[in-house]
Amino acid sequence: MSPKGIRLSFIWIALCLCHISYSQSSKQLWDTVTIIQRNPKLSSRQVLEKLHQLEKLAPELGYPMDSSYARLLHAIAVNEYFVNHQIETCLRYTQQAINVNIKAGPGFSPQQYCKSTLNLGYFYDALTLFPEALQNYDSAIARGLRTHNLEDYIMDARMYKAYVFFRKGDYQKAVEESSLGLELSRKLNDSLHCVQLLNQRAQSLFFQKQMRESFSDLQEVIMQTKALKNTFQLASAYKIMGYYYASQKQYPNATKYFQDAIKERMKSTDTGQIAGDYSDFGDYYRDSLQDYKNANKCYLSGIKYAQWAGDSIRLGRIYESMSEAELRQKHLGLSEKYIQKSFALLKISSGNDPLQLETVSRISSVGNKELIFAIIQNKTVLLLNQYKQTKDKRYLNACLKMAKISDSVLTQARHEQFGENSKLYWRNRTRGIFVAAIEACDLANDTSNAFYFMEKSRAVLLNDKLHELGAYAHLPVDIGNTERKLQNQVISELQKLNTLPVGGKEYQQQQVKLFAAREQLEQFIKTLDKNYPAYYQYKYADQIPTLQQLQIYLGKTGQTFVHFFNGDSAIYSMIIEPNKCYLKKMVCAPNQFEEIETFVQLCSDKERLNGNYNSFSKMAFNLYKLLFEPLRINKGRVIICEDNYLLPFDAFCSDSLGKKFLLNDYVFSYVYSAGNLLKKSNSNSTNGNFIGFAPVHFESGLNVADLNHSENSLETTARQFNSKKLMLGIMSSKKNFLQQIPGFSIATVYSHARADSADAEPVLYMQDSVIHLSELQLLHDPATKLVVLGACQTNVGKIASGEGIFSLARGFASAGIPSVAATLWNADEKAVYSISENFHRYIARGLEIDLALRKAKMDFIESGSENRLPYLWANIVVIGNAEPISFRHTPKRIFWSLLPELIAIMAILLYVQFRYNKNKKQVLSI
């Protein structure tokens, strides 16, 4: 601007700030605000003072209450933030700006609305009020999508949302938000937003253990930031690269990248971020190298910069890290000192007494979940170690109390997260809380709390899903149908993604479509949680059964329940019978854990089993001695709730020669948790008793072998039931399967399956295509009581800590089907058919499901000495409720079922008549 222009501007400002009685235009107010903000001679504080003066004069000057006035209020809020950092004041002015703009009618400005809602979200974000922040970021995105030329605000909102989700520990959602923003930034060739979003996505991908994708993003960020000379973003990329190389155990590279990150960051003035970099560098020395000396040096440097920045959150984090380092070195006094400092800095402690524990709400108020999860875990483990050192029971009681508080914090955080991968990440990261809690229960001989923590450590995501299914009953039909439609759209987009090569352009485009579908579903679910309280309460109910409820159930069924929990160097078991329960601790050497992990592999290898049966016998006997004999369980029906894996207990041997299988004396079934076992199943009426699927010959593109004997076996099986339906050949399609099985009591499938313990999603082959694990959510409201999967590896899948195996069997359980018969490995086709036919025969006779399977296995073994090999029969297991199935009876079936009773009644009547006639003749002869 020219000197003359500047002079005119000052004259205009002076006029504006005088008491002028005539009405001013909206444009004049807009221009005045612009001139004040752009005046280079005014300091930030002076700009704020001028804006406040203009606010006071505005009514007298007759400025209309439209978007220009909203802009004035918005500008005051922004300058209040930078000058006084009074967030509450910023919130008040920004909300006023939004309200004025909304009421402005024709004077409404979409751009101003976007800016204000974005800032309102940012201010809530600064107070770690994340729900309110996300709500306003969503408002900015929604308005931006409806109006042209507001893409910058959308990208900012996506970026801020991603960072919120990252701090909440919802890394999957952080990836999705970053990807949606990244797509837009690339369309607009916006390099700055691009590198910011790539950095956030790379970090989130790393925490989800998607290393290849994270590394690819980092390479792109480093190349772009060097070209842009953006040292701040380059430092962030270097630090994440340090994490990456540490995970690959390439420690020299990792150390160099952490050092380079700090070197680049030093070029900025962000002392708080420098403190964070030193804190992360210290964690690297502590966790990866166990170099506590260098870790401490980094922590002390971090404290210095955090103090300069006045950043209490980062100070609290550094002291938490120092506490964990001292705890690992068994310096319990120092560990306690630092954890208490962390609690105080984060304002979740009301005193210096380490035995005085805080409330759930106070701990949950800390927005950074990664930090709070680390604190509560360290505190729980510290209290346990203090008890073991001092034998003071106050520490033991405090440990159990802290574990309960921690569990409640974890539950609340899980309900706030959308991404399943994020939930699984934290299930694994916080397992130390449950390890400490169950050890404390064992030391205290506290069976009630032991049962509580074992249940809360087991299959909670499956239980969440079942709660969600039950919550549908509390929604209007049309609303529930809309939710399912959106859910189906997500599944459809996911399956399209699974067909594409990872990393390509088409894959990235489809990924964005999937994320957009998920976002639409999540926004809809938020409205359900708000508008339907009964739905919300049922969905987030987190009650577990009591020990007494389980014992009542066991008394009715005559079973024994065994909970297993794997610690660091021991396996804990809890044996529950109708009238008693007790804990057992089995100390395990590393080689014994290895035997547990390799037992199923040995059982599934027919050639190795045949060629080296002695090795199997020894291992089966060792596992019996380790896991079963100490439990002192009477012969009979036993329910096993294993931790992270599933072992075929009936293949254990009580002798070293491998002749006395536990199958001879025990009837085993398996469950995900006691809560899952006791959950009431759907009481819907069925269309029939049995439906069977046998594709026999498969589409050539599926590249699987035909199952030529499956049709005859399935027909033999179906003869045991009335009201049946067979879907053979082309009728055994994916569509028919998903539509038909919910209406039948038993559904049996003879087909192929594919699964492994990596990240690949398990699939079940139908005649025309495959059914993915995620698609089993499409089974709507099933009345099915039992699914029999006569296919290979139907209980194989990715193992998730605390959740177990993400297999096809679990997929049916999450759809609400209470019992599944599944396979652990590839087995002999004829053996599967033979056992399955007898299994169904016994079920049709009314036997319990577990008893029916045991009898079928015994029949198979007794049919020939060559059938004793566990490879042939031990792979089939029953998972879930094993009680008898009540079938739907047709009139014909009712007649035949009552025929024995009718014959008996007729016989009695004939006998009575005969006796009567005989006595009558005797009387007449006299």
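The values are calculated or read from the model by the stated rules, or taken from the named source; none is laboratory data. This one's a predicted model, so the numbers in the text were calculated from it and none came from an experiment. Neighbour counts run over all protein chains shown; Cβ positions are idealised from the backbone, glycine included.
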Q | Lone unmet requirement of (1) more than 29 Å from Gly688 (Cα to Cα); (2) surrounded by fewer than 20 Cβ atoms within 10 Å (Cβ to Cβ); (3) at pLDDT 70 or above for Phe914 | A | (3)
Q: Would you mind stating whether Tyr122 is surrounded by 24 or more Cβ atoms within 10 Å (Cβ to Cβ) and touching a residue at least 24 places away in the same chain (Cβ under 8 Å)?
A: no
Q: Could you tell me which of the residues Lys585, Lys625 is basic (Lys, Arg) and over 29 Å from Leu869 (Cα atoms)?
A: Lys585
Q: Determine if region 445-457 includes at least one residue that is of a type in the set (A, V, I, L, M, F, W, C) and modelled with pLDDT under 80.
A: no
Q: State all residues of region 322-341 that are free of Cβ contacts under 8 Å to residues at least 12 places away in the same chain and of a type in the set (Gly, Ala, Ser); if no residue qualifies, say none.
A: Gly333
Q) What tally of residues in region 727-783 results from selecting those that are in contact with a helix residue (DSSP H, G or I) (Cβ under 9 Å, 6 or more places away or on another chain) and of a type in the set (Gly, Ala, Ser)? A) 8
Q.
If I filter region 715-728 for residues that are of a type in the set (A, V, I, L, M), assigned to a helix (DSSP H, G or I), out of contact with any Ser or Thr (no Cβ under 8 Å at 6 or more places or on another chain) and within 21 Å of Leu778 (Cα to Cα), do I get at least one hit?
A. no
Q: Output the residues belonging to region 291-326 that are within 14 Å of Thr271 (Cα to Cα) and not in a helix (DSSP H, G or I).
A: Gly310, Asp311
Q.
Being within 26 Å of Leu521 (Cα to Cα) and either in contact with an Asp or Glu (Cβ under 6 Å, 6 or more places away or on another chain) or crowded, with 24+ Cβ neighbours inside 10 Å (or both) narrows it down to one residue among Ala104, Ala97, Ala140; which is it?
A. Ala140
Q: Considering each of Gly282, Gly242, Gly272 in turn, give the residue that is assigned to a helix (DSSP H, G or I) and at pLDDT below 95.
A: Gly272
Q: Hey, could you check region 177-216 for residues that are crowded, with 19+ Cβ neighbours inside 10 Å and touching a Gly at 6+ places or on another chain (Cβ under 8 Å) and say which is nearest to Ala517 (Cα to Cα)?
A: Leu197
Q.
Looking at Tyr245, Tyr238, Tyr251, Tyr285, can you tell me which residue is over 21 Å from Ile303 (Cβ atoms), in the same structural domain as Phe215 (by TED's automatic domain parsing) and touching an Asp or Glu at 6+ places or on another chain (Cβ under 6 Å)?
A. Tyr238
Q. Hey, among the residues in region 493-507 that are assigned to a helix (DSSP H, G or I) and without any contact (Cβ under 8 Å) to a residue 24 or more places away in the chain, which one's surrounded by the fewest Cβ atoms within 10 Å (Cβ to Cβ)?
A. Lys505
Q: Name the residue, out of Asp650, Asp655, Asp665, that is under 28 Å from Ala791 (Cβ atoms) and of a type outside the set (A, V, I, L, M, F, W, C).
A: Asp650
**Q.** region 576-629, residues that are under 30 Å from Gly555 (Cβ atoms) and hydrophobic (A, V, I, L, M, F, W, C)
**A.** Ile576, Cys581, Leu583, Met586, Leu623, Leu626, Leu627, Phe628
Q. Of the residues that make up region 829-844, is at least one surrounded by fewer than 20 Cβ atoms within 10 Å (Cβ to Cβ), not polar (S, T, N, Q) and not in a helix (DSSP H, G or I)?
A. no
Q.
Checking Gln250 against (1) within 27 Å of Leu289 (Cβ to Cβ); (2) polar (S, T, N, Q); (3) in contact (Cβ under 8 Å) with a residue 12 or more places away in the chain, only one condition comes out false. Which one?
A. (3)
